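Participant: Following this message is one structure expressed as structure tokens.
The values are calculated or read from the model by the stated rules, or taken from the named source; none is laboratory data. Owing to the predicted nature of the structure, the values given are computational and were not obtained by experimental measurement. Reconstructed Cβ throughout: ideal geometry from the backbone, glycine too, with neighbour counts over all protein chains shown. Side chains are part of the model used for accessible areas, which takes the heavy atoms of the whole protein and leaves out ligands, DNA and RNA. Shrake-Rupley method; radii C 1.70, N 1.55, O 1.52, S 1.80 Å.
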Amino acid sequence: MISQEKFVGADSKYFVYSPSKNALEMFLYPLQCGRFVYLPGYHLVRESFDSFLLMYIQKGSLSLNLNGHEQTVNKGQLVLLDCYSRHAYSTKTGWECLWCHFDGITARHWYQNIVSRFGNVFSLPDPQPIISKLGSIYDVFFSGGIVREPLLSKYLTDILTAILLYTSSDARAESYVNLAEKVTAFISEHFAEKLTISQLASLVSLSDYHFIRIFKRQTGFTPHEYILNTRMNTARYLLKNSTLSVKDICFSTGFSCESVFCNTFKRREGITPAQYRAHG
């Protein structure tokens, strides 16, 4: 379709897609995608547009306004927006971009994870994989070929995964990701031992306070919650897949005594470890 918006170049094209019920329940899916040339003077303000928007800026620049904060977005940068909330962008110079409005059952989780780490505007050391996948989504509709929803979902997942893995616009944010990965790897190896916050914080040369705050921001859990989750996951596995006694499982997963283990397990699962094992 040819765009009819003011201050959008005549050769700008976009496509609209209605996902199947299966896609709504299972996948990430594109809703609109396009290649646009925005002319100087373009301005858009939206209170809500039910989707998330990813744009790659190929040329020019724009001014983005979110939550009363304005920032300039330049060539080579990516923009990820929650269009369910108010947003605005405009340009004095014009810009060209490849864009995709998308949604899906996990879309908000992807959005929150990426934006909490990197913000709404970021750069990649090598944006080509993102450009390629965005282009592939556009080409599916441009070619008029068969739309394979699992494949479109894979393209979107690949894009969002690449952003999480390779974003580097904020060196501090990247170091925080590495920090969390280092600590979670250590916990996976040593969860059966007595672990303290000070011990974990010292691994990454942070104070206890800053370590707890950064770790929770990156993982969604406090260090204590993450350790307990790891111990509980291991205990559940051993109860179902070993002949170890409940007492042995208790101590092999880092609990201080059997009563603490049983009480914690029942509080989490609603049944005792023995009942959990008996249920097959």
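Participant: Only Cα pairs within less than 10 Å get springs; with that Gaussian network setup on the chain, which residue of Val115, Val183, Val246 has the largest fluctuation?
Facilitator: Val246
Participant: Can I ask one more? Evaluate the Debye formula for the chain with equal point scatterers sitting on the alpha carbons, no solvent, and hand back log10 of I(q)/I(0) at q = 0.09 Å⁻¹, in q order, two decimals.
Facilitator: -0.58
Participant: Ignoring everything except DSSP H segments at least 4 long, calculate the 222 nm mean residue ellipticity for the chain; use -39,500 (n - 2.57) per segment, divide by total residues, nearest 500.
Facilitator: Calculated at 222 nm, the ellipticity per residue is -15000 deg cm²/dmol.
Participant: Can you give the Kirkwood hydrodynamic radius for segment 83-147, in Å, rounded to one decimal and based on Cα pairs?
Facilitator: 14.6
Participant: Please give me the summed charge of the neighbours of Arg46: other residues whose Cβ is under 14 Å from its Cβ, Lys and Arg +1, Asp and Glu -1.
Facilitator: For residues surrounding Arg46, the net value is -3.
Participant: Something else about it: Taking springs between alpha-carbon atoms closer than 10 angstrom, which of Asn113, Asn65, Asn241 fluctuates most in the Gaussian network model of the chain?
Facilitator: Asn241
Participant: With a 1.4 Å probe and every protein chain left in place, work out the accessible area per residue of the chain in Å², rounded to a whole number.
Facilitator: With all protein chains present, the chain gives 52 Å² per residue.
Participant: How many percent of the accessible area of segment 184-235 is carbon or sulfur, using a 1.4 Å probe?
Facilitator: 56
Participant: Of the heavy-atom accessible surface of segment 1-99 (probe 1.4 angstrom), what whole percent is carbon and sulfur?
Facilitator: Carbon with sulfur: 52 percent of the solvent-accessible area.
Participant: With a 10 Å cut-off between alpha carbons and a GNM built on the chain, which of Lys216, Lys92, Lys21 moves the most?
Facilitator: Lys21
Participant: Specify the angular offset, from 0 to 90 degrees and rounded to the nearest 10, of the alpha carbon long axis of helix 128-142 from the longest principal axis of the alpha carbons in the chain.
Facilitator: Orientation of helix 128-142: about 60 degrees from the principal axis.
Participant: Further question: Cysteines of the chain lacking any other cysteine beta carbon under 4.7 Å?
Facilitator: Within the chain, the cysteines lacking a partner Cβ under 4.7 Å are Cys83, Cys97, Cys250, Cys257, Cys262.
Participant: Based on alpha-carbon centroids, what's the gap between segment 227-253 and segment 50-110 in Å, whole number please?
Facilitator: First find each Cα centre; the distance between them is then 46 Å.
Participant: Once both axes come from the Cα atoms, what is the angle between helix 223-241 and the longest principal axis of the chain, in degrees from 0 to 90, rounded to 10?
Facilitator: Roughly 70 degrees, rounded to the nearest 10.
Participant: For a distance above 19 Å, tell me the whole-number percent of Cα pairs in segment 144-280 that qualify.
Facilitator: Percentage above 19 Å: 61.
Participant: Alpha carbons only, please: Rg and Dmax for segment 38-125, in angstrom.
Facilitator: For segment 38-125, the Cα-based Rg and Dmax read 12.5, 37 Å.
Participant: Between Gly9 and residues 5 or more places away or on another chain, which pairs have amide H atoms under 5 Å apart, with H built 1.01 Å from N, and which residues are they?
Facilitator: Answer set, sorted by chain and number: Val37, Tyr38, Leu39.
Participant: Relative to the first principal axis of the alpha-carbon coordinates of the chain, what is the inclination of helix 149-166, with its axis defined by its Cα atoms, in degrees from 0 to 90 and to the nearest 10?
Facilitator: Relative to the chain, helix 149-166 is tipped by roughly 70 degrees.
Participant: Send over the Kirkwood Rh of segment 240-280, from the inverse of the averaged 1/r over different Cα pairs, rounded to one decimal Å.
Facilitator: Taking the inverse mean of 1/r over all distinct Cα pairs, segment 240-280 comes out at 10.3 Å.
Participant: Note down the relative contact order for the chain as a percent, whole number, built from C-alpha pairs under 8 angstrom at least six residues apart.
Facilitator: Once divided by the residue count of the chain, the mean separation gives 14 percent.
Participant: Report, ordered by chain and residue number, the lysines lying within cross-link reach of Lys92, taken as a straight Cα distance under 21 Å and ignoring same-chain residues fewer than 8 apart.
Facilitator: Of all the lysines, those that pass the test against Lys92 - Cα under 21 Å, at least 8 places apart if same chain - are Lys6, Lys59, Lys75.
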